[in-house]
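The values are calculated or read from the model by the stated rules, or taken from the named source; none is laboratory data. These numbers were taken from a predicted model, which means no experiment stands behind them. Here the Cβ positions follow ideal geometry from the backbone for every residue, glycine too, while neighbour counts run over all protein chains shown.
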Amino acid sequence: MTHLNPVSNPVGLHVRRLMTAATWILTALALSHSYPALATRAEADALRRSGWWPHSVTSNTSVSHCEWPGIVCDDSGSVASIDKLAGSCNGCWDGGNFSSMNFSLLPNLGFLRLPDNGLAGIIPRQLCELPLWYLDLSGNNLNGEFPLCLQNLTMLEVLDIHNNEIASPFPSRLGNLKKLGYLDLSFNLLRGPILPEIGNLTNLKYLCIDENQYGGSIPSEIGNLKGLIWLTLDSNSFTGPIPSEIGDLKNLTYLDLSNNNFSREIPLQLGSLVMVSYLDLRDNSLQGSVPNLKKLSLLSHIDLSNNNLTGRIPDNLLDIGYRDFGGNEFLEYATIEADLDALRGSGWWSSYDTSNSSKTHCTWLGISCDNSGSVVKIDIPQGIRALTGIIPLQICALLKLRHLNLSHNHLIGHLPLCLQNLAMLEVIDVHTNLLNSLIPPELGNLKRLIYLDLSFNALHGTIPSTLGHLDYVDLSYNRLTGKIPNNLAHVRYGAFKGNEGLEKADGHERMARIILMMVLIPLVAILVLGPLIILRRRTKSMRSEIATKNGDFLSIWNYDGTMAYEDIINATEDFDIKYCIGTGGYGSVYRVQLPNGKIVALKKLHRHEAEDPSFDKSFRNEVKHLTEVRHRSIIKLHGFCLHKRCMFLVYEYMERGSLFCALRNDVEAVELDWSKRLNIVWDIAHALSYLHHDCTQPIVHRDISSNNILLNNNMKAFLSDFGTARLLEPNFSSNLTADIAGTRGYIAPELAYT
């Protein structure tokens, strides 16, 4: 046999080379075919060794690691996502040391979400080698420094490491993460200044770096983040002025710069943040006056407390649902201390109340305060009122007072002229006292005043024409003289009765004659033609019978008695179904256009409710308290009818209907973006806070559902339907579950088990 020498024989050498090349090709093909299996097996081993899944999961060889809780693989079987929130598993995610997971064996991992997992140690640098686009390690026990290599994850869109113990300066090259849309570094120990590179993150929507140890000034480059909608820099040690460039962030809805050391004036440019609904600048060292914020029509929360601000608070900020301006030096703002001095100086509260340091003035009898501690309401409960003497001038120091009820006392003298300085006053009720002065015309300067009750006193002189703008006036049973001003002709005639020296205005004279004729003619007819009348009454239809019962319709709050029962019947054609716009468990709702063109919503209770005698007292009691409820986010009750055959309530009409309907409608749901939804949450939260804390007797609604939240044309939210509401008595905790009410899916958890 002849052997080929590969060195001396060229042919043999060529054949040897061909055989070697073929061997390598075949080997490569075999390896490439088996590589995915080998790789995924290595990934499964890495997951198993981490200890993040219990033995009951990892020992089941019939189940692929791609099917473990929280694991998602790509088409090749490689791990693409680890998400604690994606699957439920007893014993999973028990935490431990972060280094127990070998991330270098997971080369295709793009999504990692491990919040509140009890992970300890430092952030592994192996993460920097992965194609991550989503990284959430929040709420753990991670420490050490922020890995600088994370700044190389240029595909990253979400980075959330809040609520750990990361301690390092602000990452110097964070600006490399150009795709980042969400960045939350809050509640750590991060320090140093914010670098100008922050301005490179032009895709950022959420930036939260609050509750750290940052200092220095905020770079002007923050104005480059045009898409930002959420910015929280609070609870750090930032100094210098608030950058005016923040005013360029036109999409911003939430801005919190509180609890820092910002100084100088509030930038005028903040008035351009037309989308903002939450603005918190409290606990800084800001100076000067408050700029014009009239364009901030969506603003529902503003806190400027504990600064060095001066001047006058803009009027438009006084109508915002949550507002706190305390701890400043505003020229026209009553501080808590001033309110306390005013109440003590009045002498109306006992020495025990005023000297007991454990009791704030907001807990004194008949006092209600807002969130800043300023007095907004004085309403001493009837039955224990025994105020005597004159009304003290100290009351005029309560500059945020909105509701003053001093009725049923023994007060003498006059109404203080200084009441005209209480620009926020809406209600003055001093009926049934011994006041014996002129009615101050200066009360007409109170532009917010809508309710004035001076009845049953000894007031004399003429009626000032300056009161013509009020919705409700009662001057009955005094000693007034002269003519009723023509601009008060809209007020019900009974508001002036009992004043013998009062001359009636032309309109009231005509009304008096009409009323007299309406009384005399039926009286004569009854006496002369009694039998015929009785016979005719028996043959009247039910509609006519009901229509004569308009005496049961009581005018409430905004109306003057001109909205008669017949108007309701005629406008609805005796509650024809074509006017019905909704039906609920307690009644049906009708859209009613009154003769004067005003549109109201009428809720007619179902017949079985109206015929239940036990419901009568409950209905009266709840209506009584609803008439005392006044809040910008609670539907207004205009009036009601209580009759054994017919019960209904008349409410303010909301053009956009319920939140439930808006969310079900595809077009309206798109219009109802997240900023509007956030504002709806704020509106209803403030309404509930008012019901629970600011009412004389707290009211629990018991059915907060999307059906009972109504929207007007401006997408402002209003709480409605108090059909299941109950008033909290002092022992309410013992009988709260006496009867359960509410919408399924919204009922309070503590009641769901009863």
Wholly within the range 217-306, strands (runs of 3 or more DSSP E) carrying at least 2 residues that are over 21 Å from the mean Cα position of the chain (by Cα) and free of Cβ contacts under 8 Å to residues at least 60 places away in the same chain: 237-240, 261-265, 285-288
Any idea which of (1) in a helix (DSSP H, G or I); (2) modelled with pLDDT of 90 or more is the one Gly175 doesn't satisfy? (2)
Answer from Val430, Val375 - the residue that is buried (at least 21 other Cβ atoms within 10 Å of the Cβ) and more than 27 Å from Gly501 (Cα to Cα): Val375
Residues that are outside any loop (DSSP other than H, G, I, E, B) and either in contact (Cβ under 8 Å) with a residue 40 or more places away in the chain or not basic (Lys, Arg) (or both), drawn from the range 114-132: Leu119, Ala120, Gly121, Gln126, Leu127, Cys128, Glu129
Name the single residue that is nearest to the chain's Cα centre (by Cα) among those in the range 309-339 being assigned to a strand (DSSP E or B) and modelled with pLDDT under 75. Phe330
Restricting the range 270-296 to residues that are charged (D, E, K, R) and farther than 16 Å from Phe238 by Cβ, the residue that is modelled with the lowest pLDDT: Lys294
